[in-house]
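Below is one structure, written out as structure tokens; comments come after it.
Read-outs: derived from the displayed coordinates by stated rules, not from any lab. Because the structure is a prediction, the values reported are computed rather than measured. Cβ placement follows ideal geometry from the backbone for every residue including glycine, while neighbour counts extend to all protein chains displayed.
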Amino acid sequence: MKISRKLASVSLAVMLGLGAASSFAQVMVGGASMLASKDIIDNAVNSKDHTTLVAAVKAAGLVDTLKSAGPFTVFAPSNAAFAALPAGTVDTLLKPENKGMLTGILTYHVVPGRVDAAALTKMIMDGQGSTSFKTVAGGKVMITDEKGGTSIVTIADVYQSNGVIHVVDKVLLPK
């Protein structure tokens, strides 16, 4: 399955410009310091803004994957992003019988490799205003998905020992 989100060059400056300057600086996410010496999971569990994501990662059985060497780039939806889904969606996804669907949604937010804001900016410029790449789920990532959903990177370049996280304000759903 191929899913894509488009990255517009105008949006790029707004979304990634602030985070590009952080380059390995200690970043605060959800009231907690994100340490580059810790892995994705060990940092995420400390963010009060990512408790839903952490619960979903646990329910999907992805903890060991996101604690592994990677590297991974994670577009991490905040609690507010999950809360914006239709009522009951998160509860339904967290049920054991929906593990496959939940895993598909979560892995749609993960790209193999360490793609920081500078690399993403270059990819967009090289692509004349847009870029795409395969996610762990097999989809392609851009800013506007094929369902018309969009997401903005609110915190870029949160470096981890096994990758980089970009906090996003919407949950992107595969087609």
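Quick rundown of the values:
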{"read-out": "Set of aspartates and glutamates with alpha-carbon distance to K67 below 13 Å, sequence-local pairs under 8 removed", "value": "D39, D42"}
{"read-out": "Ranked packing of 91-100, 118-127, 165-174, most packed first, by mean Cβ within 10 Å", "value": "165-174, 118-127, 91-100"}
{"read-out": "Vicinal HN-Hα couplings computed from phi for the range 64-79 (Karplus, 6.51 cos²θ - 1.76 cosθ + 1.60; Hz; Gly/Pro x)", "value": "4, 4, 7, 9, 6, 4, x, x, 10, 10, 10, 8, 8, x, 7, 4"}
